[in-house]
Amino acid sequence: MDSLQGRGLSVFDYDLDGDLDVFITNINGAVSLWRNDLSNDNNYLTITLTEPEINRMALGAKITSYTENQTQLREIRCGSNYTSQDPMNAHFGLGSAVIIDSLIVRWQDGSVQSYYDVDVNQKLDITKLIVSTNSLEIEHTEATLYPNPSSSDINIDFESTVFLSNPICEIINANGQLIDRLTESLRDDKNLSFSYSPNPKLSSGTYFALLTNGGNKVVSLSFVIY
């Protein structure tokens, strides 16, 4: 056994094999690495969160995973140990679960991103969705998206109090990536309609329909593809 006087402790996947190892700093000797080389068939998921603006390491965000027999919660935090720090990611030990039914990320500002049917045994990077705050000052815009959730064609209708001269509807995934850009399929004065046919290869999860006019945000809607 190690008889050194340990002070700092960090628990993380040192060798990237899906299980957690232990790294210890000592005040009277060299550092110690306790590597977990046990062999089993258990599954895992490791998640790293990123916010593109002020809170880049997503401190305070909470991640909940739901599998058939288990619910787990992880919080991204700093100062996890005495004079030491675990990596600021979330590691989930999943046992025999072969799929994560749903994965919910709750950012510190209260916004939520959801994922469904997530594969196990991977390292997943998730970036907070940022919707532009450069918005038009429109008194009232009604927006309807249906069916929701959906696995087929989606209809998106907007009714505005002003005439929009250059409307575009963008489809964005939960990582903030542009998936598609739609032009209006029907216009009736201040009423706009768009139709979106999801690519069959598109992953299940939460997406956003963002209406812009001349590059300015008007309104956004969230929807789920399964």
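No lab work stands behind these numbers, since they all come straight from the coordinates. These numbers were taken from a predicted model, which means no experiment stands behind them. All Cβ positions, glycine included, derive from the backbone under ideal geometry; neighbour counts span all protein chains shown.
Can you tell me how much longer the chain between S151 and T83 gets when fully stretched, taken as 0.36 nm per residue apart minus their C-alpha distance, in nm with one decimal? Please report the intermediate quantities before stating the final value.
Values: separation 68, 0.36 × 68 = 24.48 nm, distance 4.97 nm.
So the extension gain works out to 19.5 nm.
First check a/c for segment 40-127, with a ≥ b ≥ c the square roots of the eigenvalues of its C-alpha gyration tensor; if it is under 1.5, answer rounded, and if not, answer prolate when a/b is larger than b/c or oblate otherwise. Intermediate results must be reported in sequence, preceding the final value.
Working: a/c = 2.13, a/b = 1.38, b/c = 1.55.
Verdict is oblate for segment 40-127.
Specify which labelled value, from (i) 1, 6, 12, 14, 14, 13, 11, 8, 6, 5, 4, 3, 2, 1, 0, 0; (ii) 1, 6, 12, 13, 12, 9, 6, 7, 8, 9, 7, 5, 3, 1, 0, 0; (iii) 1, 7, 14, 17, 17, 14, 11, 9, 6, 3, 1, 0, agrees with P(r) over Cα pairs in 5 Å bins from 0, in percent derived from the coordinates of the model shown.
Here P(r) over Cα pairs in 5 Å bins from 0, in percent agrees with entry (i).
For the chain, please report how many Lys pairs fall under 23 Å Cα to Cα, leaving out neighbours fewer than 8 apart on the same chain.
6
Report the full-extension gain for the segment F12 to I179: residue separation times 0.36 nm, less the Cα-Cα distance, to one decimal in nm.
Details: separation 167, 0.36 × 167 = 60.12 nm, distance 3.39 nm.
Fully extending the segment from F12 to I179 adds 56.7 nm.
In debye, nearest 20, what is the charge dipole magnitude of the chain about its Cα centre with +1 on Lys and Arg Cβ and -1 on Asp and Glu Cβ, if you could check?
Taking the Cα centre of the chain as origin, the dipole is about 480 debye.
Might you report the magnitude of the Cβ-based charge dipole of segment 141-225 about its Cα centre, with Lys and Arg at +1 and Asp and Glu at -1, to the nearest 20 debye? Before the final figure, lay out each step's value.
Values: 5 positive and 9 negative charges, 59 e Å.
Roughly 280 debye for segment 141-225.
For segment 40-127, what is the relative contact order in percent, using Cα pairs closer than 8 Å and at least 6 residues apart in sequence?
41
Calculate the spin-label point distance for K190 paired with T50, positioning each point 7 Å from the Cα along the beta-carbon direction, and give it in nanometres.
Output for this residue pair reads 4.1 nm.
I'd like the GluC sites (Glu not before Pro) in segment 49-106 restricted to DSSP loop residues with at most 14 other Cβ atoms within 10 Å, sorted by number.
Those that pass, being in a loop and sparsely packed, are E53, E68.
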